[in-house]
Amino acid sequence: MKYDDIIYLLPLISVGTGAVVLMLLSPIKSFNISKLSWVTLFFLILSFIANALNFGKVYSVAPFAHLFSSMFVIDTFSGYFTSIILAGGIVTVLVGTHYFDKSDMLRGEIFSLLLFSVFGMILLVETKELFSSFIALEIASISIYILVGFQKNYTRRVEGSFRYLILGSMASIMFLLGIVLIYAGAKSTNIIEISSYLALHKSQDMTLVITGGMLILITFLFKIAAFPFQNWSMDVYDGAPLPITAFMASTFKVAIFGFILRFILVDFHELKNIWSDILFYVAILTMLYGSFLAVFQTSLKRMLAASSIVHTGYLLIAFVSINSIGESAATSIIFYLIAYFLSSMGAFGMLSYIASDDHLRVTYEDFRGFSHIRPYMAAMMSIFMLSLAGIPSTIGFIGKFYIFVGAIESGYTLLAVIGILATFISVYYYFKLIALMYFYPSSEMTNVPPLKGIPPLIIAVMAVLIIWGGVGNTLISYFPGIDFLIDTAKFAYQSLFIG
Amino acid sequence: MDIGLLSFIIFLPLVVSFILLILPVDMKVTRNIAFATTVVVFLLSLSIFFQFRLTDYMQFREFHPWITSYGIYYSLGVDGFSMIILMLITTLIPLGYLFLWKTKKAKGYWASMLLIQTGVTGALLSLDLVLFYFFWESMLLPVFMIIGIYGTGNRIFSTLKITIYTIMGSLFMLVSILYLGVAFYNEFGVWSFQLSDLVQITILSNLQRTLLFFGFMIAFAIKIPIFPFHTWLMQTYSNSPTGGVFILSAIMAKLGIYGIVRFVLPLFPHQYVEFAPYFVGLGVFGLIYFGIAALMQQNIKRMFAYSSASHLAFITAGIFSLNAYGMTGAAFLIVAHAMATGGLFLLVGNLEYYLGIRTISGLGGIAKKAPLLTVAFALMLLCIVGLPGTNGFVSELLIILGLFQYNHYVGVISALTVLVAASFMFWLFQRAILVKTDNDISELKDLDKKEIFGIFGLGAVIIAMGIYPHWFLYKIEPTIQHYLLDILKVGVAS
């Protein structure tokens, strides 16, 4: 047994320890929300640093291979996603503490739950075996079910949580059944072995495996809120406390996409073609239906939830084109996830900061004349909207650029055209907010928190990153630009195929 | 890293604008610094004009990797055609500032004006299609802001309308750009979005090319606007602040024409020739249609909006006439029309500033009250109608000659329409400015010193270009010849 493998497990260990420690600390009276948040940050940052130790090289190790029987693999790919997930956790804590602090019902346990879900997500992107992926997914999901409904005196929270729990459990059952069917056919739950089984058999011999594969696809589609499994996300995103919505919409989504990407990039031969055909239509319907939903929302939270469905649709375009152009499609997915992570985390984070003092439903109307009260906040919010809409000079444009180029390159021009159509519709609902913020005289929005403290700073950093990601280039040496991000994404992709 | 002259011209306004927005300076300081910036940019572009060599090659090239994995370069250059438009933009903007001087708008107004300048010059000078798209879209945001915040009337609806309209066009163009990039990759095995590379693509079928051609054309047709994509125009022009109308009519519309000549013509020469009759037809139709619409207007700003659209349709007919007269005339008219329309909208803005929004019949008697304004107005009108001695004459004559060469009937129709247009301009002048009425115009003041300098500076250029066009335009001839060769090649091949 090689004990130096432990260095690769440090991020996971650190987060796991943190979760347990916080669970034990939270009943202690003298540990209030802000103290607990510092403890949480300590463990998250520790984990982030441990993860960053391996940065910049292409590696792939299965730590303690015979102890875990190669269920987990830690490679550049998982490292890349782990850093996004941890960044998501860190940002959620930093931006959300203000919100948690102000709301009576949120107690210290939320930090423990948050770390448990981060733990589950990291595990999820490291697993290459179906049962352990199920466990990882459940660790992350169950923590989030609780987080959504934590403020139990708000009916909307409880309703959202319960809805999510019931539907999520249905999806999990599908997943389990899918695993069982695959195991019955392929006699293994390791995705590499399933792949070699599929390579050796004809499609009529493996009805079980294909059925199982379809069930697993349904779980994926449910978890990423793709059509026709998107309806839960509107109510759950709307019902959850805003920082938790931010965490779910950006971080959890990234983790699930990371897992699916690893899954889909393994060559599943026959199954892959069937998936690809289905995803083609799912992508179109997801984009169109999401746009349709988003146009009619009056609450910003619901609009962002609906637009998150549209963004899932864009990502699915790249999943369809992955068949013919593996590397560039995978790279474009990874890049887009970063872009989406920054923009949606920023937008939701800003909302949660603004809403933290009065807990009102934040509607479009609430933002009328916002730029006159808080010009810098309005500017940042505009940047997030522009990036989500994919306007050039933001990272959102570059992300869409890759996805659409990939779609055209692999021959799915129709998908690119529909993607463009959805982008066009999205201009309406994103620009509406900018118009409201800038073009009206200010309304009485008395309870807006001031522009000081840590949360606005973090949000500002994200706004700057979005702009830099959109225009950054190699002119300024020694400073990573777009090329750097793409190269890193490529390393992540390559690490999947070594070892 | 080294910053070239062109980059400096593009990004100086952007940098200044950001600094002004962040620093706690008041509106006056912002305005003065913004004006100084545009003057510096003007001087820089003047130095480009004098250093410009007489060839059809791209000059002042700048070439830096931007997104290398997809072959996207920060690639700039200027040839005769873009040089003349660059000169136009950098001259017009500071002169326009002199006119906007007295507005009471906040400092965001001036910062947005600077941002627009970055957008338009960037789009004008980029030779990489993704970079072009980047600037093309970016210039929309400050326009969105300037109309939405500082406009009048139903400004929010107008600004959303123009934004959504133009973004729709741009997105079609984006798909076409991406498609071309992928086609280049499939043929040559490397990624590139350079214009000079993309013209070498041979594998696209005729149908694909036609679709792509229209993808580009929609974006440009909306911006110009070509009939029937003009429906945003009226509301936008009547609801934007003077600066916004000035930029939209004098500069952005011309960029649409520029885009057609710069990108569509070399990329799709066959389709350009094939569909030229339709666009000449649309152009001549637009000339008449917008001309009649202009006659009907009661509001002076709306009238000029339509007459501007009418002239732009005329320019479109010129660039699709496929011969040297039409092309050169269109290039001339871009400059002449930008100056005259820009000047007119500034003067109308001045009237609006003192008197509020009025119908034509609500004006009158201005000649006595404000003689200098009347002279300036007359000068711009004469240029628009193409009086010999102004640059409008040279250009309209050339386009009409070109259209005659293209088709006699088209030539006759357009010549007659231009005559009619001239008559209604004078009729307007008589009704709005000269005639004696009982309307109260006591608020009106004549031009102040800055405005005199601005408008008569413009007038001097107009007359100088009309009397001695060669000195201004000999530098663009090699470029025009080069474009004509592109067309001729198609003619020979087909």
- Query: Looking at the range B:273-494 from every direction and averaging, what is the projected area of its Cα convex hull in nm²?
  - Reply: 12.1 nm²
- Mean projected area (nm²) of the alpha-carbon convex hull when the range A:1-58 is viewed from all directions: 5.0 nm²
- Task: Would you mind getting me the FRET efficiency between B:Tyr278 and B:Asp56? Use the beta-carbon distance for r and R0 = 30 Å, nearest 0.05.
- Result: 0.60
- So who's got an amide H within less than 5 Å of the one on B:Gln59, skipping anything under 5 residues away but keeping other chains? H placed 1.01 Å off N, in plane. B:Val78, B:Asp79
- Regarding the range B:175-287, what are the three Cα extents along the principal axes, ordered largest first, in Å? 50, 29, 18
- Task: Could you check the simple spin-label distance between A:Ile7 and B:Tyr409, using points 7 Å along Cα→Cβ, in nm with one decimal?
- Result: 8.3 nm
- Using Cα atoms only, what is the angle between the long axis of helix B:269-296 and the major principal axis of chain B, expressed in degrees (0 to 90) to the nearest 10? 10 degrees
- Hull volume per residue for chain A, using the convex hull of the C-alpha atoms, in Å³ is 138 Å³
- Task: Could you work out how far helix B:107-125 tilts from the main Cα principal axis of chain B, as a 0 to 90 degree angle to the nearest 10?
- Result: 40 degrees
- Note on the structure: Ordered by fewest other Cβ atoms within 10 Å, a rough proxy for footprinting exposure, A:Glu126, A:Glu270 read A:Glu270, A:Glu126
- Message: Please give the Cα centre distance for the range B:81-118 versus the range B:151-185, rounded to the nearest Å.
- Response: 23 Å
- Message: Between B:Glu443 and B:Val375, how high is the FRET efficiency from 1/(1 + (r/R0)^6) when r is the Cβ-Cβ distance and R₀ = 25 Å? Nearest 0.05.
- Response: 0.80
- Relative to the first principal axis of the alpha-carbon coordinates of chain B, what is the inclination of helix B:140-150, with its axis defined by its Cα atoms, in degrees from 0 to 90 and to the nearest 10? 20 degrees
- Just how many % of Cα pairs in the protein assembly as shown lie over 59 Å apart, if you round to the nearest whole percent? 16 percent
- Hey, how much of the P(r) for the range B:381-494 falls beyond 21 Å, as a percent of Cα pairs? 60 percent
- Task: Can you spot the lysines whose alpha carbon is less than 24 Å from A:Lys102's alpha carbon? Ignore those fewer than 8 places along the same chain.
- Result: A:Lys29, A:Lys35, A:Lys152, A:Lys301, A:Lys452
- Task: Sketch the reach of a paramagnetic label on B:Leu295 as a point 7 Å from Cα along Cα-to-Cβ, and name the residues of the range B:423-453 whose backbone nitrogen lies under 14 Å away.
- Result: B:423-428
- Task: Pull up all non-local amide H partners of A:Ile74: gap of 5 or more, or a different chain, and H-to-H distance under 5 Å with H placed in the peptide plane.
- Result: A:Val61, A:Ala62
- Message: Cα atoms only: what Rg and Dmax, in Å, come out for chain B?
- Response: 21.7, 74
- Item | Cα centroid separation, the range A:152-216 to the range A:270-313 (Å) | 21 Å
- Ranked list, fewest to most other Cβ atoms within 10 Å of each Cβ, for B:Val120, A:Val158: A:Val158, B:Val120
- Each label sits 7 Å from Cα toward the beta-carbon; between B:Lys368 and A:Phe68 the label points are separated, in nm, by 9.4 nm
- For the range B:381-422 and the range A:85-120, compute the distance between their C-alpha centroids and round to whole Å. 71 Å
- Considering amide H positions built from the backbone, and no H for Pro or chain starts, which residues 5 or more places from B:Thr359, or on another chain, come under 5 Å of its amide H? none
- Message: For the range A:375-447, compute Rg over Rh where Rg is the Cα radius of gyration and Rh is the Kirkwood radius from the inverse mean 1/r over Cα pairs.
- Response: 1.14
- Query: Can you give the convex hull volume of the alpha carbon atoms of the range B:31-155 per residue, in Å³?
  - Reply: 122 Å³
- Query: Counting alpha carbon pairs within less than 8 Å and at least 6 residues apart, what relative contact order, in whole percent, applies to chain B?
  - Reply: 16 percent
- Quote the convex hull volume per residue of the range A:111-239, based on C-alpha atoms, as a whole number of Å³. 92 Å³
- Task: Would you calculate, for chain B, the mean residue ellipticity at 222 nm contributed by helices, counting each DSSP H stretch of 4 or more residues as -39,500 (n - 2.57) and dividing by all residues, to the nearest 500?
- Result: -24000 deg cm²/dmol
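FYI, it's all coordinate maths here, none of it is from the lab. As the structure is a prediction and not an experimental result, all values here were calculated from the model. Reconstructed Cβ throughout: ideal geometry from the backbone, glycine too, with neighbour counts over all protein chains shown.
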